[in-house]
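Read the structure below first, then the notes.
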Amino acid sequence: MLIHLEQITKRYQMGATTVEALRGISLGIEAGEKVAIMGASGSGKSTLMNIIGCLDRPTSGRYLLEGKEVGRLSPGQQAHVRNRQIGFVFQTFNLLSRTTALRNVELPLLYAGARKREAKAKEALAAVGILDRATHKPSELSGGERQRVAIARAIVNRPSLILADEPTGNLDSKTGDEILALFDRIHSEGNTVIIVTHDASVAKRCQRIIRLHDGAIAEERSSDSR
């Protein structure tokens, strides 16, 4: 099993008030699955993604990634896991504005100390159909092109897990469909993909839908379209 969550909780202290963002989440995701995590604002879906992505640590419970307990690692150790094993795609793209598409995609390779970074970055850009825009800065790209660059950056290190947070949220419907088709292809090549979304049409393109409510799993089912 790629991901194993066991009774995960997350609590935040806001003054005298304790906010329980996650309440006993237990979940397993196999390698090669494509899963949607849904829920209203405040349901805990972003908190859950942050824990799965090693951007945050649970208050209690166990998180195993590829059999290794990563939920209690130090910030430095979690950064290493993120760089080597997890690729992120965000709604707002999170690209460096002053550098080219090619250099943005090279960043994870640079942090990993990889060789032949330019060649590998060009390969990732070609895989998402945007190699011809490699020398352009984000301000010179459309929203769909920027998201393609972000996806290339996410896959360049060949991670075991791709996490996408509302990846079509800032795109028009036609461009959004093109980006979802790209995720379909990435998944078909054997990659594990988790998409956090509020959009039922996006979730239906996944094999499994997990719906959160008030920090707990309210529903878990196969997609109607599968």
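Since every read-out is calculated from the coordinates, none of them should be taken as a lab result. Computed from a predicted model, the values in this text were never measured in an experiment. A quick note on method: Cβ atoms are made from the backbone with ideal geometry, for glycine too, and the neighbour counts reach across all protein chains shown.
Exposure proxy ranking for 149, 70, based on other Cβ atoms within 10 angstrom of each Cβ and starting from the fewest, stands as 70, 149. Between residue 4 and residue 142, the distance separating the two model label sites (each 7 Å from Cα on the Cα→Cβ line) works out to 4.5 nm. For the chain, the longest principal axis of the C-alpha atoms and the axis of helix 173-188 are separated by about 80°.
May I ask which of 45/137; 34/68; 116/174; 34/174 have a Cα-Cα span longer than 24 Å here?
Values: 45/137 31 Å; 34/68 21 Å; 116/174 35 Å; 34/174 22 Å.
Listed pairs above 24 Å: 45/137; 116/174.
Its Cα centre serving as origin, the stretch 149-205 has a Cβ charge dipole (Lys and Arg +1, Asp and Glu -1) of approximately 200 debye. Taking every alpha-carbon pair under 8 Å whose residues sit at least 6 apart, the stretch 14-86 reaches a relative contact order of 23 percent. Extension gain for the segment residue 178 to residue 198, taken as residue separation times 0.36 nm less the Cα-Cα distance, is 5.4 nm to one decimal.
Answer rounded, prolate or oblate for the stretch 69-226, using the Cα gyration tensor with square roots of eigenvalues a ≥ b ≥ c: rounded when a/c is under 1.5, else prolate when a/b is larger than b/c, else oblate.
Details: a/c = 1.91, a/b = 1.28, b/c = 1.50.
The shape class here is oblate.
Where only DSSP H runs of four or more residues are counted, the chain gives -10000 deg cm²/dmol as its mean residue ellipticity at 222 nm, each run worth -39500 (n - 2.57).
For residue 33, the residues 5 or more places off, or on other chains, whose built amide H falls under 5 Å of its own are 193. Compute the long axis of helix 117-127 from its Cα atoms, compare it with the longest principal axis of the Cα atoms of the chain, and write down the angle in degrees, 0 to 90, nearest 10. For 117-127 against the chain, the angle is about 80 degrees. Cut-off 20 Å, label point 7 angstrom out along Cα-to-Cβ of residue 218: give me the residues of the stretch 47-61 whose amide nitrogen falls inside. Counting only backbone N, you get 47-50.
Only bridges whose two residues both fall in the chain count here: according to DSSP, what percent of them are antiparallel, nearest 5?
Numbers: 22 of 40 bridges.
Rounded to the nearest five, the antiparallel share is 55 percent.
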